[in-house]
Amino acid sequence: MDRIKGLPPLSGCPGAKAGDDVAAVQWAGLQGTALIACRKEKELRRRFSGTFIEEAKGLARYVSSLPEGENLLSLGASAFVKAGEGGVYGALWQLAQDSGVGLEITLRKIPVRQETVEICEYFRLHPYRLLSGGCILLTAPDARSLIRSLKEQGIEAVRIGCCTNGKARTIRNGEDTAFLERPREDEIYKMTDKGTER
């Protein structure tokens, strides 16, 4: 898969403070999943049904259905980052870096579609490092009312963690805790013809 041209850098608004909630709007890996389903449809049909593949391709509709940044701020967001290259992990790093805060994130709370999970498993990709246009990470002193307001607009959102003092950016997965690493090249670039031969 050729390098994707024209992708904008991650954009957002700093302002998060220690103690703020961290929430995800929509799902991790949306844009990457839709792109892979379109470009690798023939290969995916060896494993998945046509209905599944069409659902995966259809995730592209969410990429352009995001709330505007001004709307998020008016609803009580203190900061936000629009995810893109580098996936949700890259956006989390940017969110913390821009605002100078630490993070405590619960991995299982990061929303991800089943289509993304299965396609990433098939191609051995990391879903949280996969192109995530269509997802926004935001912070708020109390995300509950903001999430409720977004859901009233038909937009999915969920709390995934909180901001902390210091610089530590941790991801908790059950009893295990790992540190968020500096963003790597997006998983989408592993999708070369050579890299996906079976």
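The values are calculated or read from the model by the stated rules, or taken from the named source; none is laboratory data. Remember, predicted model here, so these are calculated numbers, not experimental data. Cβ coordinates were reconstructed from backbone atoms using ideal geometry, including for glycine residues, and neighbour counts include every protein chain displayed.
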With the first residue restricted to segment 11-35 and required to be in contact (Cβ under 8 Å) with a residue 24 or more places away in the chain, and the second required to be among the aromatic types (Phe, Trp, Tyr) and outside any loop (DSSP other than H, G, I, E, B), Cβ contacts under 7 Å at 6 or more apart or on different chains are GLY12/PHE80; CYS13/PHE80; GLN26/TYR62; ALA28/TYR128; LEU30/TYR62
Which of the numbered conditions does GLY86 fail, given that it passes all the others? Conditions: (1) surrounded by fewer than 22 Cβ atoms within 10 Å (Cβ to Cβ); (2) on the phi > 0 side of the Ramachandran plot; (3) of a type outside the set (Val, Ile, Thr). (1)
Which numbered condition in (1) out of contact with any helix residue (DSSP H, G or I) (no Cβ under 6 Å at 6 or more places or on another chain); (2) under 21 Å from LYS82 (Cα atoms); (3) in contact (Cβ under 8 Å) with a residue 12 or more places away in the chain is the only one that ILE171 fails? (1)
Among the numbered conditions (1) modelled with pLDDT under 95; (2) more than 14 Å from the chain's Cα centre (by Cα), tell me where ALA56 comes up short. (1)
Out of everything in segment 62-83 that is small (Gly, Ala, Ser), over 20 Å from ILE160 (Cα atoms) and within 17 Å of the chain's Cα centre (by Cα), what residue ends up being surrounded by the most Cβ atoms within 10 Å (Cβ to Cβ)? SER65
Counting only residues that are part of a helix (DSSP H, G or I) and touching a Lys or Arg at 6+ places or on another chain (Cβ under 7 Å), which one in segment 94-108 is farthest from ALA168 (Cα to Cα)? LEU107
Going through segment 154-168 in order, the residues found to be exposed (fewer than 12 other Cβ atoms within 10 Å of the Cβ) and either under 26 Å from ALA34 (Cβ atoms) or without any contact (Cβ under 8 Å) to a residue 40 or more places away in the chain (or both) are GLY154
